[in-house]
Every structure is written in C-alpha cells, then in structure tokens.
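The numbers here are math on the coordinates, done by the rules we state, and not lab data. Computed from a predicted model, the values in this text were never measured in an experiment. Here the Cβ is made from the backbone with ideal geometry for all residues, glycine too, and neighbour counts use every protein chain on show.
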Amino acid sequence: DGGITQSPKYLFRKEGQNVTLSCEQNLNHDAMYWYRQDPGQGLRLIYYSQIVNDFQKGDIAEGYSVSREKKESFPLTVTSAQKNPTAFYLCASSTAAYNEQFFGPGTRLTVL
Amino acid sequence: GESVGLHLPTLSVQEGDNSIINCAYSNSASDYFIWYKQESGKGPQFIIDIRSNMDKRQGQRVTVLLNKTVKHLSLQIAATQPGDSAVYFCAENDYKLSFGAGTTVTVRA
C-alpha cells in the first residue's frame, strides 16, 4: 500500500524533554510538510521541504526542528523551547509544491 | 494571518438533505483551492479541488463552486449521509495550505 505513515499515534512526554515525531511516505513525493492542529482550529504550517536536503520554516517554526536526509522521511523534533507543544501533529506530502497534499494519520503529543 | 475562512463553525443537516458549506478567501491572486474532510482523530482527506480557471467542478455527490468576483467558494454535498459527519476545511494551496478553522457537519438521522 502506498501512503504516509506517522508514528506513534499517541505520545506522552515530560516537560523539558525533546521528542521526535516520525513521518514516512512511499509515494515518491518530493515535497513534505509538518502542520500543527489545536482543538477547534485549522492547520498551521511548521516546516516544509520541497526537496531532499532542503527545508524552510513555516508560520510557527519556533521550538521545532526538522531534517530531510532521505526523500521518504521528514522527522520533526519538538524541542524544550516550544512553549506549548501539546497538539495534534500532521505530516503531509505532495508530488511537488503547489500540488494536492496527502496527509498522514497524525500524532497526538501530550506534554505532561 | 489566515487567508481563508469558513462562514459557519457548525452545520446540522437532516440525513438525505443537501449540505452547503461556505468559505471566503482574501487573496485575489489565489488560483487553487482544495476541500478536505477530517474525521475525529484522523488526518484530513482530499475531497475535491478547483482551479481559478473554473467556476464549478463536480465529483461523486460533491460539487465545488468558485466565485472569483466575491472571493467565495462553496462545497455542496448531495443526499448527506451519516458518514459525511466530519469537519470540513477549505484550503488555499500555494506552497503551503492555508486553512480556516473548519465547519463541523453533523448529520441527523
């Protein structure tokens, strides 16, 4: 099956710890994205990558970091600098920028 | 700030009736829009898209209308079913997706 996978589905961490969320796609898409969704709100862009070894900040990049060493993988690290990390995190990919984005199932992160 | 937004946060519709979800956008240069459906605890699913060179596009039970003059688009769902209960987002697709807060559709049996 082709698609986007995110793991884990639920993640709990203590305040002050860094945590890395996984995103993998086997769609051969060049572009990948990370969004954050808070209750009752739309999606806000954290980081995006249009090609391997390149990525750009989105609207709310502070306290987050990413890497794009492989085409199929775009992990997101939520650092201790992120003031309010508890949220639903969504990864997406597209064949290229400006094309339809396909979403993964999401990871719900709770910081205790 | 947001470049797209939805008119109503909630919509309750009787099963079998048609649903209309509205969305306004502010960037007159926007040329590609997508409607997504998001069920609770899941990622958004693509429903239908439309480019600015069209004013109407139809899919299976869904129709998207685009009015560039007033910068408005709508999603029409025909014969709404219980499985249509979800949050619906319109999104403007540039290099990123700009979303509004969404409209929660509840289907009454």
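Simple rule: put +1 on each Lys or Arg Cβ and -1 on each Asp or Glu Cβ in the protein assembly as shown, find the dipole, and look at B:G43, B:V70, B:I20; the Cα lying farthest toward the positive end is B:G43. Scanning chain A for trypsin sites (Lys or Arg not before Pro) lying in DSSP loops with no more than 14 further Cβ atoms inside 10 Å, the longest uninterrupted stretch between such sites is A:15-82.
Tell me, what is the FRET efficiency for A:Q41 and B:E15 to the nearest 0.05, using R0 = 25 angstrom and their Cβ-Cβ distance as r?
With a Förster radius of 25 Å, E is 0.35.
Of the GluC sites (Glu not before Pro) found in region A:1-105, those that fall in a DSSP loop while having at most 13 other beta-carbon atoms within 10 Å are A:E15, A:E62, A:E69. Per-residue 3J(HN,Hα) values for region A:26-34, derived from phi via the Karplus relation 6.51 cos²θ - 1.76 cosθ + 1.60 with θ = phi - 60°, read 10, 8, 6, 7, 7, 9, 9, 9, 10 Hz in sequence order (x marks Gly and Pro). Taking a Cβ cut-off of under 10 Å around B:T63, the surrounding Lys, Arg, Asp and Glu residues balance to a net charge of +3, with basic ones at +1 and acidic ones at -1.
The local environment of B:G83, defined by Cβ-Cβ distances under 12 Å, has a net charge of -1 under the rule Lys, Arg +1 and Asp, Glu -1. With a simple spin-label model that places each label point 7 Å from the Cα along the Cα-to-Cβ direction, the separation between A:R108 and B:Y32 comes to 3.2 nm. Count Lys and Arg as plus one, Asp and Glu as minus one, and take only other residues whose Cβ is under 11 Å from that of A:P105; the net charge is then +2.
Label separation (B:A78 vs A:T77): 5.2 nm, computed from points 7 Å beyond Cα along the C-beta direction.
Note that region B:57-74 has calculated 3J(HN,Hα) couplings of 8, 10, x, 7, 6, 10, 9, 10, 10, 10, 10, 6, 5, 9, 6, 9, 9, 9 Hz, one per residue in order, obtained from phi through the Karplus relation 6.51 cos²θ - 1.76 cosθ + 1.60 (θ = phi - 60°); glycine and proline are x. What the phi angles of region B:97-103 give under the Karplus curve with 6.51, -1.76 and 1.60, with θ = phi - 60°, is a coupling list of 9, 9, 10, x, 6, x, 10 Hz, glycine and proline written as x. Averaging over all projection directions, the Cα-based convex hull of the protein assembly as shown occupies 12.3 nm² in the image plane.
Put a plus charge on the Cβ of each Lys and Arg, a minus charge on the Cβ of each Asp and Glu, and nothing anywhere else: the dipole of chain A about its Cα centre is then about 380 debye. A simple charge model with +1 on the Cβ of Lys and Arg, -1 on the Cβ of Asp and Glu and nothing else charged puts the dipole of the protein assembly as shown at about 260 debye relative to its Cα centre.
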